[in-house]
Structure formats: structure tokens, C-alpha cells
Amino acid sequence: MSWFHFNLQDFSISFLSILFEGVPFMFIGTLLSGVIDAFVPAERVKRLLPSNRTAAVALSGLLGVIFPMCECGVVPVIRRLIRKGLPVSCGLTYLLAAPIVNPIVALSTFAAFRGQHPGAMTSLRLTLGFAVAVVFGLIVQRIPLTEVLNRRMLSLLPNARTRRNSSRPLKEPVLAVAGNLTTESVSIAFPIVPPETIMELHDEAHHEKTFGGKVIGAIRCAAFDFLDVGFYLIIGAAIASVFNTAVDRHVLLPLASHHLFATLALMVLALLLSLCSTSDAFIAANFLAFPASAKLAFMVFGPMMDLKLLFMYGLVFTKRLTFSLAIALFVVIATLAVWLVPLLR
Amino acid sequence: MKILRRALPSLTLLEWGAILSYFYFSGRLASFLHPMFRPLVLATGILLVITAICVGLFPEESCDHDHEGEGHAHGGLTPGSILAFFLLIVPLALAAKVSPDSYGAALIERRGLVQDIRSLPGMSSRSVARPAPSASPAPSLSLPAQTPALQQSIARTAAAQKQDSQQSIDKQLEQAAQQTMTEPGLPTQTSGNEDAAPGPSPGTYENPALQPNDSGNIPVQVTDLLYAAQEPFTRKDFEGKRVEIIGQYLTSKKGTSKQELKGNSFMLVRLVMVCCAADMIPAGVTIEATKKPAHLRPTSWLKVVGQVHYRPRPKGPSPDGIDYGDTPEPVIEAVSVANIAAPAEKYVY
């Protein structure tokens, strides 16, 4: 195999550097998740969003401007917010949009693409990222909740057990379906991690807790979230490092001259490399031989779906939804990049 | 077993915190991460140790938990949770142990040596040879000699300030972008305006930051020479001048040119990092040497003193798919080549 050269030492450099870069951001996310768990009462979260569902989803797509997150940190936060009553459609939109529609990413994209139409590239990346995230949020809104959230998430929803059918200001249309939880309709996404890896805290218990108790609760929650998400970051970093060090990027070069294949090739690369959204623009800009639409697809698809996210999304969503999401995002973004973007020229 | 089950989360966090802190304090982190991200690793390392202590001191009995779901934490170790903790603990420790501080020569060669500044993300803003469109060069240019100081100052800045620095870089670049950076993939980009800037009288350094050191050589980086290659204006600062340059020894030129290296020629390579070592891109210049140190292994660190010449490249696109156009290739005719110890900062940022 002339295109595959595995070397443990090179692999370990790449593996460690991805972890060193990702772990701090993931830790910030889990700390935030712990704070939300301990200090933000359930039901408060959804009152912050407008009651019109479409407006709420659209607003969720823009929240990254105020709360910038990269994709490692956003998963634990979203998982916590959904448990606190954030509508899943809004959660998914924030999850997809926040790593793209935020000021840090806008600046790094602009800086990376100087000399290659930085303004157009940056605005297209943010616009496409926002549009795709909102569309997917609106689609997920129409899917039964039991097919969206994995079983553990469903059981942890604020009114999953007690007030399952009570009226909610922002009612998921099919929330009532959550009542008949069956093992066939929902599956634990990746059963390799047993549910006890995280220990959940009762929301009800928090009202009686002192501030100190809440802080300890937040730290414990952050710690177990960290272990939970860290597990998937490790797997993702390891797979990405194999591709990063053992597979020659030049194997893609013959595809560069073909518009469609070039775009698909860079999107697959984005999936495999699992780069952080704050820095992927610099890598994308480096593919000089590839057309601009391919680079755009790389930068919109990568932050929404890559190997480590594929694993991490499994902590929130059903396995089926995670894979459907991956395929749908791939097709939609490829289509937009290949056929829509050239029209705008 | 129950004690182990309770201690494992705490021990795992402790291990992660200890490894992050160790890499920061030992300086090994420099071989993995951009200076901007290093303080975050230290902060995370310390906070993880604190978290581990908290989790260890306040065992789960003191908290209220969700008890639903099959097999809760109190139920002991399951094969799944053992595997989860194994994966959380072992690969990190193993990688920390086996990881060297630099990639092997084979990987660097396979990734392909970049010999065009346009293929190096973010480089032009850092280059000492960055052009000054007006007569007054920007005062914030970084000198190779000052790089460690610059990096320390970057390292002190929190990630929140990343935005500001990028804004200032962007401002500087608006000027530079007008002059340079033609992109073959984008047909609308104008080209051929390289000569727009008025040249100074020959013999003076366009960039006052370029001053010979005590030995009469100008200290430069590989990336400076590559940057200057695309600019007739800046090239004058280097053409025929004696420079002092450090880098890693490589014999191959794969992926950049069909030309094979002849005689005692070799490539002097610096690894360029954008964020972390995973995105490493090697950049190199050709060294034409008459004599080399006897004991040279690929990726050995060298200090080369010699004269810079810009030579025309072969016409047509190179094997890496980039058309260099009229951009010449920097070559150093070496006067001396010496082994040196690996520097603390092995990457160019």
C-alpha cells in the first residue's frame, strides 16, 4: 500500500496536538454545561426564545454571534440545554450554526483567505452555515422526538416522567409520542459507554441546595460531562490522526480539476481530518489547486459534521438521526457549493 | 471494586490534568501547539486537577443523582465502563510517552515541501520581508531574532484577544493584498501588478528590520525567503546577500519539483504550524553546498550561512498542482553548514 504509511511516533504527535488543541475548548463547554445544570432552572431556558417556533430556530442560528463556541465545546452545552427544556429544533440549529456563525471564525476565515476574495468567502461561509443550520432545525422540528433524541436524553427531559403531556409554551409537535418509549423506536446511540458514566442530578433537588452545594454540583457535572465527551474526542482524534499522518493528502490532487469531485473530495477530507472550526479556514485556503466552491464546502461541512462529531452527536441524538444528519448535510452542502455558489458569481 | 469505580473518574481527570500541566511546564508543548493556545492548556490542566480533587473529595453519596436507567454508578464496573476508562486513560499516557518532539523525515517528505508562500497559510503577515507599499514600513513587523519574544508575548495573551490580533493583521493585510497574492484558481483576481510599488534605490534595505548581525549575515527564516520570491521589490533585500538561516536537513524534494537535487545540494526545511502540529506544513529552500557535516541524518538541525539567489523555475505547473508562474525559487549558495542543537521553538508560526 503505497498510500498508507503508519508510524506510531508521527501518529502520537498528531494525536496529542489535536487533543491539546481541543481539550481546553471541550473543557470550557463542559464547565458551562455544569454551570447551566446547577444554576439555570429548567423551563427558564425556553422562555428566553421567542414563542414563534420558526423565529426561535432562526434566532438560535445567530446565537453563536453572542456565545461563540467551537464544535468540541458546543455538544455538552447543547445536551444540557435540551435537558433544561430547550426545544430540540433550536438546539440542533445552535449546534450546527454556532461553530460557523461566530466572530472568531469570521475573522479567521477572512485572514486565511486574503488574496482569495476574503469578503465573499467569509460571508458565503457564514450565510451558508446559518441557512443550512436553520433548515435542518426546521426539519427536525417535524420529526417525532423519539426518533431525534436517544433514549437517555428522552428520559432526562424535564417533563419526561412527571409532566409528559402538560402544555408547554413551545410545544414540540410530537412530544406526546415521548410517552410511549419503546426500545425499538429509540436506541442508545453508542452503547459502548454505559449510561452511568455521567451521573445526572435531579433538577428538583437544586432548589434546596446552598450556593456551595451548587458549585460542587456544577463541578461534578462538568467532570462527568468531560469524561463522557472526552471519550469521543479521543476516538475522533485517533482516527483523524491516522488519516492525517498515514494517508498522503496528495492522493486527492488528481480530483482538484473536476468541479464536483474536488468538492466531494474536500468534504470527505473535512470529515476525516476533524479540524477545529476556528482554524480550518487556514487549511482550506491552502488547497490552492482546488476551486473556491470546494473550499467553501470544506469549511461549511467540516464544523457541522466530522468524525469526532459523529461520535459526540451520538451522546444526544439517536444513531439513525446522527447518520441521516451526516448524509443529508453532505448532500445539501455539496449541492449548494457546486451548483448554487457559481451562480452567485 | 467499588472503591476503584469511585476513584476512576477522579484518577482519569487527574491524569489528564497532570499530562496537560507537564507538557506546559516541560516546554514540550511548544512542539505541539501554537503559542496562542498554550496558556489554555495550562489553565485546563490546573482546573482538571482541581476538578479531580473535588470529585474525589465529594463522593457521589453526597449528591442526588438520577437513578433511572439500567446499572447506575453504584452498580459497579461493567465491561463497557471499563473500556471507556481504559480509552480515556491509556492512549493519552501512551502517546505522551512515545511521542517524539518532531515528525519523522518520511512524513515531512510525503506531505511535500512547500516552496511557494501562497501555500503557507498566514505566513505573509508574519514575514520579516513583508512589503511596505508606502515608504514607511509597519512598525509591528516581527524579526526572526525577536521571534521568541514575540511568541512569549503572544503566549501571554488569552484566547479572547485572538480577535484583536487578527483584526490588526487584517488591517495590515488589506494593504498587502492589493499588491500581491494572485491565485490561479480564481480567474477574476488581477495579476501582474507586482511592479506597482515604486522601488527604492538599490543597495539599501527596503525593510530596516533587516540588519546584518555581528558576523555580517542577515538572520532570516525559510519563510522570509519564500515570501520575497514573489515580490521583485522585496527580493532585492535578499538577492546576493549573505544570510544566516536555520532549519532541518532533508535530501529529497518530492512533491515540489521534478528537478532532483544534485551533488551536495539538500533542502533546508522548517515546519510551519497554523494551530497545532496536526496541521503542519513543511516549507523548504534549496541549499547548494560544497561541503556538508559528516554526520547528517534527515531532520538534523543545521545552521547555514550563504548567499541568496533567486533562480527561475521550470515552466508549467509543478507536480503539486501549483503554477508558480514567474515566481523564482530561492537558492542559498552555502558558505558554511554546521550542526546545531534543536531549538526550543521547532515550528514557524
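Annotations for the structure displayed:
- If you go through segment B:29-54 and pick out every residue that is surrounded by fewer than 17 Cβ atoms within 10 Å (Cβ to Cβ) and either more than 10 Å from chain A (Cβ to nearest Cβ) or not aliphatic (A, V, I, L, M) (or both), you end up with 1.
- Consider segment B:212-238 and keep the residues that are closer than 20 Å to B:S336 by Cα and more than 23 Å from the chain's Cα centre (by Cα). The one that is modelled with the highest pLDDT is B:N217.
- Residue among A:V300, A:V331, A:V316 that is surrounded by fewer than 21 Cβ atoms within 10 Å (Cβ to Cβ), more than 8 Å from chain B (Cβ to nearest Cβ) and either touching a Pro at 6+ places or on another chain (Cβ under 9 Å) or not aromatic (F, W, Y) (or both): A:V331
- Residue satisfying all of: in segment B:55-67; at the interface with another protein chain (Cβ under 7 Å from one of its Cβ atoms) and more than 39 Å from the chain's Cα centre (by Cα); modelled with the highest pLDDT among these: B:F58
- Selection from segment B:287-298 of residues that are surrounded by fewer than 23 Cβ atoms within 10 Å (Cβ to Cβ) and more than 14 Å from B:S102 (Cα to Cα): B:E288, B:A289, B:T290, B:K291, B:K292, B:P293, B:A294, B:H295, B:L296
- Test: residue in segment A:60-74 that is aromatic (F, W, Y) and touching a Gly at 6+ places or on another chain (Cβ under 8 Å): no
- The number of residues in segment A:41-87 being over 26 Å from A:P103 (Cβ atoms) and either touching a Leu at 6+ places or on another chain (Cβ under 6 Å) or buried (at least 24 other Cβ atoms within 10 Å of the Cβ) (or both) comes to 1.
- The combined condition, being loosely packed, with under 14 Cβ neighbours inside 10 Å and of a type in the set (A, V, I, L, M), is not fulfilled by A:A38.
- Residue in segment A:280-290 that is farthest from the other protein chains (Cβ to nearest Cβ), counting only those that are aromatic (F, W, Y) and not in a helix (DSSP H, G or I): A:F287
- Reported count of residues in segment A:1-14, each being among the aliphatic types (A, V, I, L, M) and either crowded, with 20+ Cβ neighbours inside 10 Å or assigned to a loop (DSSP other than H, G, I, E, B) (or both), is 2.
- Any chance A:A334 is modelled with pLDDT under 85, of a type in the set (A, V, I, L, M) and more than 12 Å from the chain's Cα centre (by Cα): no
- Options A:I28, A:I104, A:I100, A:I13; residue that is of a type in the set (A, V, I, L, M), closer than 20 Å to A:F298 by Cα and within 14 Å of chain B (Cβ to nearest Cβ): A:I104
- Looking only at residues in segment B:290-307 that are in a loop (DSSP other than H, G, I, E, B) and modelled with pLDDT of 85 or more, the one that is farthest from the other protein chains (Cβ to nearest Cβ) is B:S300.
- Close pairs from segment A:210-233: first at the interface with another protein chain (Cβ under 8 Å from one of its Cβ atoms), partner of a type in the set (K, R), Cβ under 8 Å, at least 6 apart: A:G217/A:K209
- Segment A:247-269 - residue that is among the β-branched types (V, I, T) and assigned to a helix (DSSP H, G or I) and, of those, nearest to the other protein chains (Cβ to nearest Cβ): A:V251
- Listed here are the helices (runs of 4 or more DSSP H) enclosed by segment A:15-88 that have at least 3 residues being over 30 Å from B:V98 (Cα atoms) and without any contact (Cβ under 8 Å) to a residue 40 or more places away in the chain: A:53-66.
Every residue, every condition in (1) within 14 Å of chain B (Cβ to nearest Cβ); (2) under 27 Å from A:F298 (Cα atoms), yes or no:
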site: A:L81; (1), (2): no, no
site: A:F113; (1), (2): yes, yes
site: A:Q116; (1), (2): yes, yes
site: A:I143; (1), (2): no, no
site: A:R152; (1), (2): yes, no
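- Residues that are assigned to a loop (DSSP other than H, G, I, E, B) and at pLDDT 90 or above, drawn from segment A:296-321: A:M305, A:V316, A:T318
- Qualifying residue in segment B:260-268 (condition: at positive phi, surrounded by fewer than 22 Cβ atoms within 10 Å (Cβ to Cβ) and either modelled with pLDDT under 90 or away from chain A (no Cβ under 14 Å) (or both)): yes
- Answer from A:S293, A:S277, A:S324 - the residue that is of a type in the set (S, T, N, Q), in a helix (DSSP H, G or I) and within 13 Å of chain B (Cβ to nearest Cβ): A:S293
- Residue match in segment A:112-124 (condition: part of a helix (DSSP H, G or I) and either surrounded by 24 or more Cβ atoms within 10 Å (Cβ to Cβ) or on the phi > 0 side of the Ramachandran plot (or both)): yes
- Filter result (modelled with pLDDT of 80 or more and not in a helix (DSSP H, G or I)) within segment B:68-112: B:S99, B:P100, B:D101, B:S102, B:Y103, B:G104
- All of B:Y249, B:Y347 fail the test of being within 12 Å of another protein chain (Cβ to nearest Cβ), under 19 Å from the mean Cα position of the chain (by Cα) and either modelled with pLDDT of 80 or more or within 30 Å of A:S17 (Cα to Cα) (or both), apart from B:Y347.
The values are calculated or read from the model by the stated rules, or taken from the named source; none is laboratory data. Source: prediction; values computed, not measured. In this analysis, Cβ positions are derived from the backbone assuming ideal geometry, glycine residues included, and neighbour counts consider all displayed protein chains.
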